[in-house]
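Visitor: Pasting a structure below so you can have a look.
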Amino acid sequence: MEVETILSKYPRRKDYLLEILHDIQNQNPNTYIPHEAIQKVADHLNIKKAQVYGVIGYYSMFSDTPRGKYVIQVCASPVCNMMGSSNLLDFLKQKLNVEIGETTPDGLFTLETAECLGNCAVAPAMMVNQDMYGNLTPGIIENILEQYTTRGKLKQ
Ligand code: FES
C-alpha cells in the first residue's frame with residue numbers, strides 16, 4: 001500500500017504518529033520506514049522530520065533501515081535474562097546463522113534484541129513482528145521459525 005493511502009486514513013493529528021508508523025512499517029515488505037515516507041509523515045502531521053526520526057530511534061520496534069520480512073526481537077531485560085533469554089538468543093543465532101542486527105540471506109528473518117516487552121510473566125519472551133511469544137524453549141522457537149518460514153515462502 002502506498003504511503004499516501006496509509007496517511008489518508010489518519011487525521012492530521014500528532015497523537016496518531018505511532019499508529020501511522022506501525023502501519024507504514026507493517027505494509028513495507030522489508031519491515032521498515034523508508035526515508036521518503038518519513039518526510040511524508042512529517043508533512044501530513046505538520047511536524048518536523050527530526051521529530052519523526054526521534055520517535056523511530058526511541059522505539060526499538062521501529063527501523064529506518066530495511067530488515068527481513070519477519071523481525072525477531074528477543075527480550076534482553078533482566079527477568080527474561082534470568083529465565084535464559086541469552087541462551088535462546090545464541091540458539092537463534094546458530095539456527096539462522098546470523099548475528100544480532102543481521103538478516104538471513106533469503107530476506108525472511110532479522111534478529112534483534114529488545115528491552116522488556118511487557119510480558120515478563122511468561123519470560124523468556126520474544127516478538128515476531130506484532131506477535132508475542134512467551135515461555136520459550138529451543139523446541140518452541142524451532143516450531144515458530146518453521147511456521148514463519150512456511151508462511152513467508154507461501155507469500156513470496
Ligand atoms: S523482562 Fe522480558 S518481557 Fe519483561
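Quick note: the coordinates plus some simple rules give every number you see, no bench work behind them. Since the model is a prediction, treat every value here as computed from it, not as a measurement. Here the Cβ is made from the backbone with ideal geometry for all residues, glycine too, and neighbour counts use every protein chain on show.
Visitor: Stretch E99-N129 to full length: gain in nm at 0.36 nm per residue minus the Cα-Cα span? Could you put the intermediate results ahead of the total?
Guide: Working: separation 30, 0.36 × 30 = 10.80 nm, distance 1.81 nm.
Result for the pair: 9.0 nm of gain on full extension.
Visitor: With a sphere of radius 15 Å drawn around the Cβ of S60, what net charge do the other residues whose Cβ falls strictly inside it have (Lys, Arg +1; Asp, Glu -1)? Could you put the intermediate results ahead of the total?
Guide: Working: positive: R67; negative: D64, E112, E115.
The answer is -2.
Visitor: Check cross-link reach from K48 to the lysines: straight Cα distance under 30 Å, and skip same-chain residues fewer than eight apart.
Guide: K9, K14, K40, K69
Visitor: What are the ³J(HN,Hα) values, in whole Hz, obtained from phi via the Karplus relation 6.51 cos²θ - 1.76 cosθ + 1.60 with θ = phi - 60°, for each residue of segment 5-19 in sequence order, with x given for Gly and Pro?
Guide: With coefficients 6.51, -1.76 and 1.60, one gets 5, 4, 4, 5, 7, 10, x, 7, 10, 4, 5, 8, 4, 4, 4 Hz.
Visitor: Arrange the following residues from fewest to most other Cβ atoms within 10 Å of their Cβ: S60, S8, S85, S77. Walk me through the numbers before you get to the answer.
Guide: Working: S60 14, S8 9, S85 22, S77 18.
With the fewest neighbours first, S60, S8, S85, S77 line up as S8, S60, S77, S85.
Visitor: Evaluate the distance, in nm, between pseudo-label points positioned 7 Å from the Cα of C116 and of N26 along their respective Cα→Cβ axes.
Guide: Rounded to a tenth, the inter-label distance reads 2.5 nm.
Visitor: Can you sort C120, C75 so the residue with the fewest Cβ neighbours within 10 Å comes first?
Guide: Details: C120 17, C75 28.
Result, fewest neighbours first: C120, C75.
Visitor: I've got another one for you. Using a Förster distance of 22 angstrom, determine the FRET efficiency expected from the C-beta separation of Y53 and D106, and round it to 0.05.
Guide: The formula returns an efficiency of 0.15 here.
Visitor: Please give every one of the aspartates and glutamates within straight-line cross-link reach of K153, meaning a C-alpha to C-alpha distance under 20 Å, and leave out same-chain neighbours fewer than 8 residues apart.
Guide: E102, D106, D131, E142
Visitor: Take every DSSP beta bridge with both residues inside the chain and express the antiparallel ones as a percent of the total, to the nearest 5. The partial results should precede the final answer.
Guide: Working: 7 of 13 bridges.
Here the share of antiparallel DSSP bridges comes out near 55 percent.
Visitor: At a 10 Å Cβ-Cβ cut-off, how would you order T5, T104, T137, fewest neighbours first?
Guide: On the way: T5 9, T104 17, T137 13.
Least to most surrounded, the residues fall as T5, T137, T104.
Visitor: Now for a separate question. Please find, in a Gaussian network model of the chain (springs between Cα atoms separated by less than 10 Å), the residue of I24, I140, I56 whose mean-square fluctuation is greatest.
Guide: In this elastic network of the chain, the residue with the biggest mean-square fluctuation among I24, I140, I56 is I140.
Visitor: In deg cm²/dmol and to the nearest 500, what is the mean residue ellipticity at 222 nm of the chain if only DSSP H runs of at least 4 residues count, each as -39500 (n - 2.57), divided by the residue total? Don't skip to the answer; put the middle values down first.
Guide: Details: 7 runs with 73 residues, N = 156.
-14000 deg cm²/dmol, from helical runs alone.
Visitor: Same structure again: For the chain, list the cysteines whose Cβ sits under 4.7 Å from no other cysteine Cβ?
Guide: Within the chain, the cysteines lacking a partner Cβ under 4.7 Å are C116, C120.
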